[in-house]
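The values are calculated or read from the model by the stated rules, or taken from the named source; none is laboratory data. Since we're looking at a predicted model, the values are computed, not measured. With ideal geometry, Cβ positions are generated from the backbone for all residues, glycine too; neighbour counts draw on all protein chains shown. These area figures cover heavy atoms from the full protein model, side chains too; ligands, DNA and RNA do not enter into them. Shrake-Rupley method; radii C 1.70, N 1.55, O 1.52, S 1.80 Å.
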Amino acid sequence: MAYISPDYRYHVMYSFYYNLFAKYDKNNFYVICLSLNKKKDDAYTEKIKSLVDEYIDIGDLSREDMAEKIKSMNVDILVDLAGHSANSGLSLFAYRVAPVQISGLGWMETTGFSAVDYLITDEYLDPTGNTYITERPLYLKSQICYKCHRDVVASSGAPCIKNGYITFATFNRISKFTSEILELWRRIMYLVPNSFLLLKCDILSSKSNMQMVRKRLANAGLDNKRIILESPSLDYLERYLDVDIALDTYPYTGGGTTFDALYMGFPVVSLYGERRSSRFGLSILTNAGVGELAVPTPKEYVERAVALASDWDLLDVLHKDLRTMLENSPAMDAEGYVREIEGKYKEILSAVHNHDVFD
């Protein structure tokens with residue numbers, strides 16, 4: 001079987017595809033990574049190469065030649081790891097390059113593409129009967145298995161206890177900041193006096209962008225004196241140790257940022273709706289054992305954040321315990337996750353051989 005991605009390098013997806021390559025059953029699966037990397041290969045690329053049976057760079061071929069190349073390899077299952085994100089290989093599915101074509105990692109929505117047979121998901125993202133996806137759901141306990149950063153120090157407790165005030169934060173992209181979510185953040189900060197909001201992301205790497213963001217926040221009624229803007233940094237995980245509560249974005253929630261926050265002992269309040277793009281917080285938090293932090297209405301989102309900000313004892317416990325909770329959850333059970341998805345692959349291939357998979 002083969003996995004195709006433009007992101008076999010330093011990228012948020014590394015945390016989510018790593019276990020598929022590190023833990024697969026080499027006695028029953030021959031795994032090929034098909035690379036579409038446009039950016040320079042790095043140490044992460046080399047690590048992936050060392051884990052799989054074959055690593056083949058096809059990025060310089062035309063789409064037609066890519067399709068012919070994959071067909072000639074007689075791949076049973078092709079798994080897309082990028083969806084509709086930049087430089088992905090999803091369009092190759094139109095050539096029916098493999099008997100079974102699967103997506104679901106690296107993209108927050110349905111592909112909407114009839115050539116995609118299955119979408120990797122879970123019951124929190126796509127409840128039974130959900131009509132928002134065009135693919136057959138391939139249900140796992142947790143859609144995502146997170147690869148942790150074991151060399152990062154754990155939280156020793158909630159920062160508010162030593163600081164004397166609450167620090168909220170989001171490390172999500174500015175493009176996810178809707179007018180609706182900014183209004184909810186304004187209400188939360190109004191109801192939690194003396195609190196601060198830290199925003200840290202790629203776009204804040206220049207002064208002009210910071211000025212643009214500050215203007216937008218001011219227009220939304222947020223007090224810029226209580227806003228902290230920071231540019232990205234490689235040691236950004238350590239910044240979580242200075243934050244009390246994460247405020248998730250909506251309707252496109254965090255994925256990697258939510259996992260990173262929980263791993264650093266940092267509770268995340270998330271708002272979800274019916275569409276799967278808004279339900280990643282629900283899935284991650286529920287699997288981690290703190291599903292009550294995911295709420296279905298804006299009113300509850302504000303109430304949950306304010307209540308959490310008022311309970312410093314609970315915050316302290318969460319900061320100390322969340323990493324262990326996540327490590328013991330389906331979202332970090334690497335062996336269980338890979339055995340589960342490999343079992344699904346075997347079931348699908350058995351159905352293909354019996355000619356009833358797409359009946």
For the range 281-291, the count of residues that are closer than 12 Å to M108 by Cβ and either touching a helix residue (DSSP H, G or I) at 6+ places or on another chain (Cβ under 7 Å) or surrounded by fewer than 24 Cβ atoms within 10 Å (Cβ to Cβ) (or both) equals 1
Taking the residues in the range 288-324 that are under 20 Å from the mean Cα position of the chain (by Cα), without any contact (Cβ under 8 Å) to a residue 40 or more places away in the chain and assigned to a helix (DSSP H, G or I) as candidates, determine which candidate is nearest to S270 (Cα to Cα).
L293
Name the pairs: first residue in the range 202-229 and over 14 Å from T178 (Cα atoms) and assigned to a helix (DSSP H, G or I), second residue at pLDDT 90 or above and among the small types (G, A, S), Cβ to Cβ under 6 Å, at least 6 apart or on different chains?
N224/A218
Could you list, in sequence order, all residues of the range 1-56 that are among the hydroxyl-bearing types (S, T, Y), open to solvent by less than 20 Å² (accessible area, probe 1.4 Å) and in contact with a strand residue (DSSP E or B) (Cβ under 6 Å, 6 or more places away or on another chain)?
Y3, Y8, S35
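Could you say whether any residue in the range 70-85 is under 25 Å from the mean Cα position of the chain (by Cα) and open to solvent by 20 Å² or more (accessible area, probe 1.4 Å)?
Going residue by residue through the range 70-85, those that are under 25 Å from the mean Cα position of the chain (by Cα) are 77-85.
Pick out the ones that are also open to solvent by 20 Å² or more (accessible area, probe 1.4 Å) and you get 84-85.
Scanning the range 70-85 turns up at least one residue that is under 25 Å from the mean Cα position of the chain (by Cα) and open to solvent by 20 Å² or more (accessible area, probe 1.4 Å).
Looking at the range 331-346 only, could you name the residues that are buried (at least 18 other Cβ atoms within 10 Å of the Cβ) and part of a helix (DSSP H, G or I)? Show your work before the answer.
The initial filter retains those residues of the range 331-346 that are buried (at least 18 other Cβ atoms within 10 Å of the Cβ), namely 331-333, 337-338, 341, 345.
Answer for the range 331-346, where residues must be buried (at least 18 other Cβ atoms within 10 Å of the Cβ) and part of a helix (DSSP H, G or I): A331, M332, Y337, V338, I341, Y345.
Hey, among the residues in the range 230-246 that are part of a loop (DSSP other than H, G, I, E, B) and in contact with a Pro (Cβ under 8 Å, 6 or more places away or on another chain), which one's surrounded by the fewest Cβ atoms within 10 Å (Cβ to Cβ)? Break it down stepwise before answering.
Taking the range 230-246 and keeping what is part of a loop (DSSP other than H, G, I, E, B), we get 231-235, 243-244.
Checking the rest, the ones that are also in contact with a Pro (Cβ under 8 Å, 6 or more places away or on another chain) come to 243-244.
On the way: V243: 28, D244: 26.
The qualifying residue surrounded by the fewest Cβ atoms within 10 Å (Cβ to Cβ) is D244.
Here's the yes/no breakdown for (1) crowded, with 19+ Cβ neighbours inside 10 Å; (2) in contact with a Lys or Arg (Cβ under 8 Å, 6 or more places away or on another chain); (3) modelled with pLDDT of 90 or more:
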{"site": "S155", "(1), (2), (3)": "yes, yes, yes"}
{"site": "Y165", "(1), (2), (3)": "no, no, yes"}
{"site": "S179", "(1), (2), (3)": "no, no, yes"}
{"site": "P193", "(1), (2), (3)": "no, no, yes"}
{"site": "L204", "(1), (2), (3)": "no, no, no"}
{"site": "M212", "(1), (2), (3)": "no, no, yes"}
{"site": "K215", "(1), (2), (3)": "no, no, yes"}
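Can you name the strands (runs of 3 or more DSSP E) wholly within the range 1-115 that have at least 2 residues being more than 22 Å from I341 (Cα to Cα)? I'd like the intermediate steps shown before the answer.
On the way: elements: 2-5, 32-35, 54-57, 77-80, 100-103.
Those strands (runs of 3 or more DSSP E) span 54-57.
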Residues (under 19 Å from T258 (Cα atoms), open to solvent by 50 Å² or more (accessible area, probe 1.4 Å) and out of contact with any Asp or Glu (no Cβ under 7 Å at 6 or more places or on another chain)) located in the range 102-149
W107, E123, Y124, K147, H149
Checked pairs for the range 159-185, first among the acidic types (D, E), second part of a loop (DSSP other than H, G, I, E, B) and open to solvent by 40 Å² or more (accessible area, probe 1.4 Å), C-beta under 8 Å and 6 or more apart or across chains, list as E180/Y250; E183/G221
Starting from the range 80-93, keep only residues that are of a type in the set (S, T, N, Q), then list their pairs with residues that are open to solvent by 60 Å² or more (accessible area, probe 1.4 Å) whose Cβ atoms are within a distance under 9 Å, requiring at least 6 positions of separation or different chains.
S85/W107; N87/K38; S88/W107; S91/R63
What single numbered condition from (1) out of contact with any helix residue (DSSP H, G or I) (no Cβ under 7 Å at 6 or more places or on another chain); (2) in contact (Cβ under 8 Å) with a residue 40 or more places away in the chain fails to hold for L271?
(1)
